[in-house]
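See below for the structure under consideration.
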Amino acid sequence: MSGNTLGTLFCVTSFGESHGPAIGCVVDGCPPGLALAEADIQSDLDRRKPGTSRHVTQRREPDKVEILSGVFEGLTTGTPIAMLIRNVDQRTKDYSDIAGLFRPGHADYTYWRKYGVRDYRGGGRASARETAVRVAAGAVARKWLAEKFGIVIRGYLAQLGEIPVPFESWDSVAGSPFFAANTSLQPKLEAYMDDLRQAGDSIGARINVVASGVPPGWGEPVFDRLDADIAYAMMGINAVKGVEIGAGFESVCQRGSVHGDEMTPTGFLSNNAGGVLGGVSSGQDIVVSMAVKPASSIRTERRTINRDGEPVTVSTKGRHDPCVGIRAIPVAEAMLALVLIDHALRHRAQCGDVCK
């Protein structure tokens, strides 16, 4: 299947299926000399892994990463870094009833029409299980960006269904099962998710990701704009249906006198541009917001068709996230890191001798 590699100089190729023996990735183009151990990657994987609270899927995967190549005596060698995450808690029998059916809103139908065959076990390649390897690759990128430029990449839940979650403090995110930057709303969010899970339904979410410390000058002016590549990467995350940079769609009702970020000798006065001007980073925080749709695997009976085109109903068994947006936050952080390191290396290659 084509379309499994992201990046120009820092390239990540993903492989594996939800119910196969393992998932993994190959990172090609990582600069040599970066101190890297499995522990550097595991901490990010632990934030994304299933079974961390009652509000996410109860599939029990340790998501233990194995580095197979590209690291010698604790340092990256500049050669491809291969990483593997073994699947240990598959329950394929849960999906036997949908082997010949198509879940509404899922990739079941489109994969079948494209390839003539599909892996129905947990969604196969279309499963959000695959995003674990993106988090692993993103952890490598994130460490290099932090060491070379002091860049910090963080994400949080901005809205759960109809409930806006106003940002209060980054300190609240780490201890929240929702990645919410607001401790006062946690009881309301928990009650909302408990009701949703009991109803056998799902809900969408809005998630925000911020990269601080990005130097000005990264990005290309036309087709490889930094914001365009960020949007491309974020739209490649399962269930993401919309991406905004900075003010996003709010800019529709902003006047130019408001939207244009005024500059002073001490810096910008606002950040409606989201840290990108003309496709190139401005030195401000890069601010990205994503709309994540409700999960398609739900217990609620829904109308669909089978492979013969006959009308049937489907109810999905198994263990699923009532809101995939919650665990998508570490994935979005990883994807932003992957775009940024690629543009950092591209900028260094073209302009390294003129822009320090």
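Enter the angle in degrees (range 0 to 90, nearest 10) between the Cα long axis of helix 324-351 and the first principal axis of the Cα atoms of the chain, meaning the one along which they spread out most. Its long axis makes an angle of about 40 degrees.
If the chain between Met263 and Ala37 were fully stretched, how many nm would it gain, using 0.36 nm times the residue separation less the Cα-Cα distance? The span from Met263 to Ala37 would gain 77.2 nm if fully extended. Counting 0.36 nm for each residue step from Ala146 to Val312 and taking away their Cα separation leaves a gain of 54.6 nm. In a DSSP loop and with at most 15 other Cβ atoms within 10 Å, the GluC sites (Glu not before Pro) in region 67-176 are Glu73, Glu162, Glu168. Result for the chain in a Gaussian network model with C-alpha springs under 10 Å: among Arg129, Arg307, Arg154, the largest mean-square fluctuation is at Arg307. With 20 Å bins beginning at zero, the pair-distance distribution over Cα atoms of the chain amounts to 29, 57, 14, 0 %. Using a 10 angstrom cutoff on alpha carbons, build the Gaussian network for the chain and name the most mobile of Pro215, Pro330, Pro265. Largest GNM mean-square fluctuation: Pro265. In terms of other Cβ atoms within 10 Å, Met83, Met193 run from fewest to most in the order Met193, Met83.
Placing a pseudo-label 7 Å from each Cα along the Cα-to-Cβ vector at Thr77 and Ile163 gives an inter-label distance of 5.0 nm. Taking the Cα centre of the chain as reference, the dipole from Cβ charges on Lys and Arg (+1) and Asp and Glu (-1) amounts to some 940 debye.
Comparing Gln42, Gln159, Gln198 in a Gaussian network model of the chain where C-alpha atoms under 10 Å apart are linked, the largest mean-square fluctuation is found at Gln198. Restricting region 184-271 to trypsin sites (Lys or Arg not before Pro) that sit in a DSSP loop and have at most 15 other Cβ atoms within 10 Å of their own Cβ leaves Arg255.
With contacts taken as Cα pairs under 8 Å and at least 6 residues apart, the chain reaches a relative contact order of 22 percent. The slack between Asp201 and Glu66, meaning 0.36 nm per residue of separation minus the straight C-alpha distance, is 45.1 nm. Our note on the geometry: Cα centres of region 267-334 and region 3-27, 19 Å apart. Per-residue Karplus couplings for region 163-168, computed as 6.51 cos²θ - 1.76 cosθ + 1.60 with θ equal to phi - 60°, are listed in order as 9, x, 10, x, 6, 10 Hz, Gly and Pro entered as x.
Bear in mind these aren't lab numbers, they're just calculated from the coordinates by the rules spelled out. Values in this document were obtained by computation on a predicted structure and should not be read as measured data. Ideal geometry is used to build each Cβ from the backbone, glycine not excepted, and the neighbour counts take in all protein chains shown.
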